[in-house]
Amino acid sequence: MAFYDGYDTGGNTSVAFDGENIYKWSGTSPYKAEPWGYFTPDGREVPYIKRDRDLGQTFTYTGSVARQLTAVTVSTGYGTNVVRAGMYGRRVSMQLFEVTGEPTRHTNGSEGATNALHGFPHNRPALPIPPERDDYLVGEEYRSLGVFSGAVFPDKVAFGFASADVAVPPNHPNLKGRYLRFVFTDAKPIWLQPGKRYSFLVMLEQIGLDCGFTLANHYSGTYAAGHAIRRDGNGQFPPVPADPRQDFTHPANAKALASAHFPTDLSRRVQIPPGTNGYPDVDTWRDLLFYVEAR
């Protein structure tokens, strides 16, 4: 009923709910850190804590009659951190939305010759970030149609390895470009109505160490009837600045830590509306590889 089958052959855009905290910061820190933070208009780098992330896609149903949604398929990506070690056998959910309103591009205060405040290539002092890389979409509203649970991420045997005890590097070729098909039962049917827009969001149900996996996508996608979306941390933008000289649990980082993570209560988490804004990247220009089936 809707699909996009383009993808980049690199990149690690991930669904993530990782229990390990990491500072996004290019400076020194006694704690785990990886570059870069985001930037103020005058070029100062702001450290923050790496954020949890759900990923998905909006799409338009162009059929002439209503059809019942039966499956959504996505694919693992092709980067260097495709499936993290703690991901196998984890429970995965999918939230579905009806989308209304018209998306309008927000420049985030960077346009013309002004470097973006965050986004690829991240290293702003040495590699200026093009101004469109931090643009995001406003004007859309997402009405949740339900959260569908029961999916389990495949184990190592399903990926072609001998047993669950085998150590698998996260960039192993067996992990790349593997289809993940979410099948919906008749228990709570979702009907796609002609001409309406919808979206899905792939979610890890529980936090865990080294827990996440990539989804194949085109950063500069060409699907005209929708775009990629994400739910980023606690939904607050920009992320609350952190102090990388202090431990993650230090009182000085309490608000930054809360900004980085989903609420522990799933019912609160699913109330955070998705969108295209995110850190370090945005999904304004991105499309996932996806297939939507209905009957």
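The values are calculated or read from the model by the stated rules, or taken from the named source; none is laboratory data. In this text the structure is predicted, and so the values were computed from the model without any measurement. Glycine also receives a Cβ, built like all others from the backbone with ideal geometry; neighbour counts cover every protein chain displayed. SASA here: full protein model, heavy atoms, side chains in, ligands and nucleic acids out. Shrake-Rupley method; radii C 1.70, N 1.55, O 1.52, S 1.80 Å.
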Thr222/Ser149 FRET efficiency (R0 25 Å; Cβ-Cβ; nearest 0.05): 0.15
Choice from Ala71, Ala126, Ala116 with maximal GNM fluctuation in the chain (Cα, 10 Å cutoff): Ala126
Kirkwood Rh (inverse of mean 1/r, distinct Cα pairs), region 14-294, angstrom: 19.7 Å
Stretchable slack from Asn174 to Gln206, in nm (0.36 nm times residue separation minus alpha-carbon distance): 9.0 nm
Residue-averaged 222 nm ellipticity for the chain, from DSSP H runs of 4+ at -39500 (n - 2.57), nearest 500: -1000 deg cm²/dmol
Karplus (6.51, -1.76, 1.60) ³J(HN,Hα), θ = phi - 60°, over region 53-66, in Hz, Gly and Pro reported as x: 8, 9, 10, x, 7, 8, 8, 10, 8, 9, x, 9, 10, 5
Leu257, Leu127, ranked by accessible area, largest first (probe 1.4 Å): Leu127, Leu257
Difference of contour (0.36 nm per residue) and Cα-Cα distance, Ala113 to Asp165: 13.5 nm
Computed magnitude of the charge dipole of the chain (debye, nearest 20; Cβ of K, R +1, Cβ of D, E -1): 460 debye
Among Gly119, Gly233, Gly101, residue whose mean-square fluctuation peaks in a GNM of the chain (springs only between Cα atoms under 10 Å): Gly101
Carbon/sulfur fraction of accessible area - region 14-294, other protein chains in place, 1.4 Å, %: 54 percent
Listed residues Val65, Ala164, Ile272: farthest to the positive end of the dipole of region 14-294 (Cβ charges): Ala164
Where labels lie 7 Å past Cα in the beta-carbon direction, separation of Thr104 and Ile22 in nm: 3.6 nm
FRET efficiency estimate (nearest 0.05) - Cβ-Cβ, Asp42 to Leu266, R0 45 angstrom: 0.70
Amide H contacts of Thr70 (H built 1.01 Å from N, under 5 Å, at least 5 apart or other chain): Glu293, Ala294, Arg295
Cβ-Cβ FRET estimate between Ala254 and Ala126, R0 fixed at 30 Å, reported to 0.05: 0.35
Where the chain is the region considered: accessible area per residue in Å², 1.4 Å probe: 45 Å²
